[in-house]
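The values are calculated or read from the model by the stated rules, or taken from the named source; none is laboratory data. The shown structure was predicted, so the numbers you read here are calculated from the model rather than taken from an experiment. We place every Cβ from the backbone using ideal geometry, glycine too, and count neighbours over all the protein chains shown. Side chains included, ligands, DNA and RNA excluded: accessible areas come from the protein's heavy atoms. Shrake-Rupley method; radii C 1.70, N 1.55, O 1.52, S 1.80 Å.
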Amino acid sequence: MDDVAPGALRVGYVPGVTVSKWARRWTERFPDSPLDLVAVPQAEQDAALRDGRADMCFVRLPIDREGMHAIPLYRELPVVVVPKDHPISAFEEIAVADLADERMQDADDIDGLAGTVELVVAVGGAAVMPHSLARLHHRRDLVFRPVTDLPETEIALAWPIERESDAIEEFIGIVRGRTERSSRSPAVAKAVAAEKKPVQRQSPGKRTSGGRGTTGRRNPHPGRGKPTRRRGR
């Protein structure tokens, strides 16, 4: 790796994306090169890249790919959020058909999910959202469960094609897992080639208490524990 540190870098991130591990690695590797983290509303993720508010941004796909690179990183399972005493809380996972009779709160506005969660608490019903956002807006009086037959959402690292630099290359290397001892390589070219590779799925956590989600593993003791799907609708 070159001894010359890269310049300052502004990295945006949309709600639900945790960037602390990559920021920590950057700071450890380049203590003299500032890394500015910029919270970006979901609705402005494309604009933030095009107007220069961020050099790179962790986005939730889809975005306008015109003039833009995007490295897919991982997928998120959709979950349904319900009050803690709702019948759905007794199940490890559900299907869309199980929500047919529920009062569904609007969760299309990712940036307005705090209000949606408040509605679920205040008037009941349910709301479907990406797993990371359910965790972001988690409350003790709510639980969430995976919805098995809805499309997953996908998180990617995006940056304008014309805005390439040593700092961007180094950050891509960190996100892709390149170690400090690795020889300098054309990380941007590799990242672009990797855009078509399969991405990892980010599954809900293992804890079930307090609405932390479940692993969806089969019960090792048949006849005991929570059913995996609602029945008798």
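Screening segment 66-175 for helices (runs of 4 or more DSSP H) wholly inside it with 1 or more residues that are out of contact with any His (no Cβ under 6 Å at 6 or more places or on another chain), closer than 30 Å to residue 49 by Cα and not assigned by the TED database to the domain that holds residue 56 returns the ranges 113-123, 131-136. Residues that are farther than 25 Å from residue 40 by Cβ and touching a strand residue (DSSP E or B) at 6+ places or on another chain (Cβ under 8 Å) occur in segment 126-138; there is at least one. Among the residues of segment 79-92, is there at least one that is open to solvent by less than 60 Å² (accessible area, probe 1.4 Å) and under 14 Å from residue 158 (Cβ atoms)? The answer is no, given that none of the residues of segment 79-92 is open to solvent by less than 60 Å² (accessible area, probe 1.4 Å) and under 14 Å from residue 158 (Cβ atoms).
No other residue among 78, 72 is closer than 21 Å to residue 162 by Cα and touching a residue at least 40 places away in the same chain (Cβ under 8 Å) apart from 72.
All told, residue 75 meets the bar of being surrounded by 19 or more Cβ atoms within 10 Å (Cβ to Cβ), closer than 24 Å to residue 62 by Cβ and modelled with pLDDT of 95 or more. Among all positions in segment 18-28, there is at least one residue which is surrounded by fewer than 16 Cβ atoms within 10 Å (Cβ to Cβ) and over 20 Å from the mean Cα position of the chain (by Cα). Residues of segment 43-69 that are of a type outside the set (A, V, I, L, M, F, W, C), at negative phi and open to solvent by 30 Å² or more (accessible area, probe 1.4 Å): 44, 46, 50, 51, 53, 62, 64, 65, 66. For segment 8-24, enumerate the residues that are under 17 Å from residue 73 (Cα atoms) and not in a strand (DSSP E or B). Across segment 8-24, the qualifying residues are 14, 15, 16, 17, 18, 19, 20, 21, 22, 23.
Take the conditions (1) at pLDDT 95 or above; (2) within 22 Å of residue 11 (Cα to Cα); (3) in contact with an Asp or Glu (Cβ under 7 Å, 6 or more places away or on another chain); (4) among the charged types (D, E, K, R); residue 163 misses just one of them, which is (1). Taking first residues from segment 99-125 that are closer than 19 Å to residue 40 by Cβ and partners that are in a helix (DSSP H, G or I) and open to solvent by 20 Å² or more (accessible area, probe 1.4 Å), the Cβ contacts under 6 Å between residues at least 6 apart in sequence or on separate chains come to 110/42; 111/42; 111/43. Considered as a group, the residues in segment 152-167 that are farther than 16 Å from residue 59 by Cα and touching a residue at least 40 places away in the same chain (Cβ under 8 Å) include one that is surrounded by the most Cβ atoms within 10 Å (Cβ to Cβ), and that residue is 167. Scanning segment 40-63 for residues that are in a helix (DSSP H, G or I) and within 21 Å of the chain's Cα centre (by Cα) gives 42, 43, 44, 45, 46, 47, 48, 49. Just one of (1) surrounded by 19 or more Cβ atoms within 10 Å (Cβ to Cβ); (2) within 18 Å of the chain's Cα centre (by Cα); (3) not in a loop (DSSP other than H, G, I, E, B) trips up residue 37, so point out which. Going through the list (1) surrounded by 19 or more Cβ atoms within 10 Å (Cβ to Cβ); (2) within 18 Å of the chain's Cα centre (by Cα); (3) not in a loop (DSSP other than H, G, I, E, B), residue 37 breaks only (1).
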